[in-house]
Each structure stands twice: as C-alpha cells, then as structure tokens.
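Step one of this worksheet: look at the structure below.
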Amino acid sequence: MALQTKIKFTSLAYRLILAGIFVILSFEAGILFFSYQNVSISNNCQAKIFKPIIEQAILTGLRINVDDKVIKLKGEDIKDFSETYVRDCGKTEDIRLSDEKISEYLKTIAPNIHKEPVDARFQFKDGMAEILVPSLPGQRLNIDSSAEIIKKSILNGQAETVLIIDGIEPDITLEKISSLGIDTLIGRGESNFSGSSSARIQNIKVASARFNGLIIKPDEEISFNEILGEVDGKNGYAEEKVIKNHKMVYEFGGGVCQVSSTLFRAAIYAGLPIIERRPHAFAVQYYNPQGFDATIYPGVTDLKFLNNSGGHALVQFKIVGTKLSFEIYGASDGRKVEVIGPFQYDQQSDGSMKAYFERRITQVDGAIKSERFNSTYKSPALYPLEKNPLE
C-alpha cells in the first residue's frame, strides 16, 4: 500500500514539473515575441517620423549643385514637396515628400541644364572630308535619379547635394565620318549675286556659313529656316531690302533668299524630293533664270527637302567672285537627274510672268519620275519700297 502511494506521488510530481517547465518556457517565449514585436513596431514607427527633419529643411533650404552651377532650393519649394499623412503605426499624423512633386520641380529647371549635342561639320576637299567644326557632347538632367537624390538628401538632413546629368553623344563625330560613305558629288547649284550691296553680300556669307559642312542623315528632312536660326544683328546680319506685306522694306537678312535659291538648285540636281518650295512674289534679277528660285521668311515660308539618297549627305558652299554655289556630296545610288528649263512664258509689260521647269529622275532600274515646278510672278510695281521714317 505504501509502495503504490509513493509511485502515484512521483508520477504526479513529474507531471507538475513538466507543466511548470512548459509554462515557464511559454512565458519566456511570449516575452521574447512581444519584445521582438515591440522592437519591430518601434523601429518601423521611428523610421517614419520625418516631420522634424522636413521642417528643419524648410527652414534651411537645400543647395543643389548641377552643371557647375548652384541652385538654392528654397524652403517654400521643399514645403511644396511635402504632404501630410497618417501613419499606419500609431495612427499619428506625419509629413512625407512627394516623388511626383519633386519631379515636377526638376522638369522646370531641366531646360536650363539641357544641351543638345553638336554634330561635327566637314568640308569635302580633294576626295577627303576635312573637319570644320568639332563635335560636342550634349547633356540632359536625369529626372528620376535626381528626384531620388533630392528626397534622400532632405531626409538625411544634408545641406547640399549634387544632381545627376546624363551625357548625350553626337551622331556625327570625327571617328564616324570615314564610315559614312560620302565620296561623290551628287548635286550642285549656282547663282549670281552681281550688283548686290555690301549689306546683301554680308547676309549671303553669314547665312551660307550656317549650312557649310552640314551632315544630312539618311531620310532626314531638312528645313532651311530651322538650320538658319535667328536672323538679327546679334548673329551678324545687316539690314537690306526684303519682300514683306506687299512692300519692300529694310530688315535684317535681306539677301538670304540668294542662299535658299542656290541650295534649292543643288537639291534639285541631286534628285532629292522637294517637300516645300515657294517662288518669290515677283521676278528678281539675282535669281536668273526666272523660275528656279526659292523664297524663305522665318515663321512664314520655308524651303524643305528630303535626303532619300540612301546614305549621309554633306553640304558645303563656295563663293567665287559674285557667284555662290552649293554642293551636296554623298554616296551615289545610280540615279540620273535631268533638268529641262526653266522656261518663261505669259510675260507682261508690267513685269509679271510665269515660268516652269521639269526634272526627270532615272533610277538605276530604269524607272523614270518626271516633275514640273511652276512659278507665278506678279508685277514688281505692286511692291513699292517703304521709306525709312527716320531718314
């Protein structure tokens, strides 16, 4: 009897001991889990408390270094970047920075940083291309990377930061010119500016230089006005007569149409498609023979043609005496160009007249394309010279 009682007690004690151990271990595990959760939550909450950091940045601002310039990011700007929100942890209100708002700000300063690459320009001499203008790389602001940098800099309490600029390589460089396959004169145009004033000759030279060494990419459409750029005194132009609003007036760039007309002739002889061309309002002696001219006026009338030669093309000009010529070099695709005319007809005593010429392009496979270019000229008397009110 005594033996049985002893055994039961021992078994009960053993179970109690095991239960105690289990309770203790469970309690300790609970403490550890609770502590871990508190640490995690605490750390998570702590990482999101941005309000004091952002408020300090609003007071001090941020210096931005970009492209050797320093931009002062004002507190007002940083305030605009920020927005209030309620944190998941603790359901308390905090401040955060908006990626979208920072990116929008960067887009406003990006144009001041952006630089287009400059293609190298060459001249064709003795069968070789010689460099006229070296190539220059361009650059653009990397909006996404810079937005991330600004955000991190503000949240880290930095006083200044540096934005990211991506380089833009030019398409035409000295290293690439030998691979362009430019080895043949495919078109040449000529005109005579005899009798021009010194101001008109100056304008012809300045405008022609804008096109000298120009490389035209395959299937690229050329806009004369786009390449010409601003026509004003700052760019070297003088005042001379131009046709404007049914009058002859003195403006910067009078005589630039000598350049457009000559380049038009070169494109015609090269067999390049003419996208846009308009003759002058009346016949002008500088563009003899009549019917073979192309007037331009920035923002109003343009000369456009397409390089469908199958390769790159190079444009260059020459002035010999009073003769201006433009040459277009490229890789010959075997096309043959024949220009018939120009012919003048319906000529009137008041100077009005009509003219036309035909261009026939014969492809290497024998296919022939014929085009007719018409011109109508009014009487010069309809365009009186406007006197300078200061004279």
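Looking at segment 47-67, is at least one residue in contact with an Asp or Glu (Cβ under 9 Å, 6 or more places away or on another chain) and at pLDDT below 75? So far as segment 47-67 goes, yes, one or more of its residues are in contact with an Asp or Glu (Cβ under 9 Å, 6 or more places away or on another chain) and at pLDDT below 75. Here is a check on your reading of the model: is residue 315 of a type in the set (Val, Ile, Thr) and more than 29 Å from residue 218 (Cβ to Cβ)? No, not satisfied. Screening segment 59-97 for residues that are in a strand (DSSP E or B) and among the hydroxyl-bearing types (Ser, Thr, Tyr) and picking the one that is surrounded by the fewest Cβ atoms within 10 Å (Cβ to Cβ) gives 84.
Condition test on residue 284, is it among the β-branched types (Val, Ile, Thr), more than 26 Å from residue 343 (Cβ to Cβ) and buried (at least 18 other Cβ atoms within 10 Å of the Cβ)? Please lay out each step first, then the result.
On the way: among the β-branched types (Val, Ile, Thr): yes; more than 26 Å from residue 343 (Cβ to Cβ): no; buried (at least 18 other Cβ atoms within 10 Å of the Cβ): yes.
No; evaluated as a whole, the condition is false for this residue.
Name the residues in segment 328-373 that are within 26 Å of residue 211 (Cβ to Cβ) and either in contact with a Pro (Cβ under 6 Å, 6 or more places away or on another chain) or of a type in the set (S, T, N, Q) (or both), would you? Matches in segment 328-373: 332, 342, 355, 357.
With respect to the conditions (1) of a type in the set (Ser, Thr, Tyr); (2) touching a strand residue (DSSP E or B) at 6+ places or on another chain (Cβ under 6 Å); (3) within 26 Å of residue 383 (Cβ to Cβ); (4) surrounded by 22 or more Cβ atoms within 10 Å (Cβ to Cβ), residue 260 lacks only one, and its number is (2).
Only one of the numbered conditions (1) surrounded by 13 or more Cβ atoms within 10 Å (Cβ to Cβ); (2) of a type in the set (Ser, Thr, Tyr); (3) over 17 Å from residue 273 (Cα atoms) is violated by residue 349, and that is (1).
Residues that are within 30 Å of residue 78 (Cα to Cα) number at least 2 in the following helices (runs of 4 or more DSSP H) confined to segment 134-210: 143-155.
One residue is enough: does segment 287-307 have a residue meeting the conditions under 22 Å from the mean Cα position of the chain (by Cα), among the aromatic types (Phe, Trp, Tyr) and within 29 Å of residue 179 (Cα to Cα)? Scanning segment 287-307 turns up at least one residue that is under 22 Å from the mean Cα position of the chain (by Cα), among the aromatic types (Phe, Trp, Tyr) and within 29 Å of residue 179 (Cα to Cα). Against the list (1) modelled with pLDDT of 95 or more; (2) of a type in the set (Asp, Glu); (3) in contact with a Ser or Thr (Cβ under 9 Å, 6 or more places away or on another chain), the condition residue 221 fails is (3). All of 109, 131 fail the test of being aliphatic (A, V, I, L, M), modelled with pLDDT under 95, buried (at least 17 other Cβ atoms within 10 Å of the Cβ) and not in a loop (DSSP other than H, G, I, E, B), apart from 109.
Output the residues belonging to segment 309-344 that are among the acidic types (Asp, Glu) and surrounded by 14 or more Cβ atoms within 10 Å (Cβ to Cβ). Before the answer, list the steps.
Initially, segment 309-344 is screened for residues among the acidic types (Asp, Glu), giving 327, 333, 338.
327, 333 - these are the residues of segment 309-344 that are among the acidic types (Asp, Glu) and surrounded by 14 or more Cβ atoms within 10 Å (Cβ to Cβ).
Buried (at least 19 other Cβ atoms within 10 Å of the Cβ) and either more than 28 Å from residue 172 (Cα to Cα) or polar (S, T, N, Q) (or both): does that describe residue 253? So residue 253 passes the test. Can you name every residue in segment 309-326 that is part of a loop (DSSP other than H, G, I, E, B) and closer than 20 Å to residue 122 by Cα? Within segment 309-326, 309, 310, 311, 312 meet the criteria.
Scanning segment 344-361 for residues that are under 17 Å from residue 373 (Cα atoms) and in contact (Cβ under 8 Å) with a residue 12 or more places away in the chain yields 344, 353, 354, 355, 356, 357, 358, 359, 360, 361. Of all the criteria given as (1) farther than 18 Å from residue 375 by Cα; (2) surrounded by fewer than 22 Cβ atoms within 10 Å (Cβ to Cβ); (3) modelled with pLDDT of 95 or more, the one not satisfied by residue 270 is (2).
Filtering segment 364-391 to residues that are assigned to a loop (DSSP other than H, G, I, E, B), surrounded by 12 or more Cβ atoms within 10 Å (Cβ to Cβ) and modelled with pLDDT under 95 leaves 383, 386.
The values are calculated or read from the model by the stated rules, or taken from the named source; none is laboratory data. All values derive from a computational prediction rather than experimental measurement. Glycine also receives a Cβ, built like all others from the backbone with ideal geometry; neighbour counts cover every protein chain displayed.
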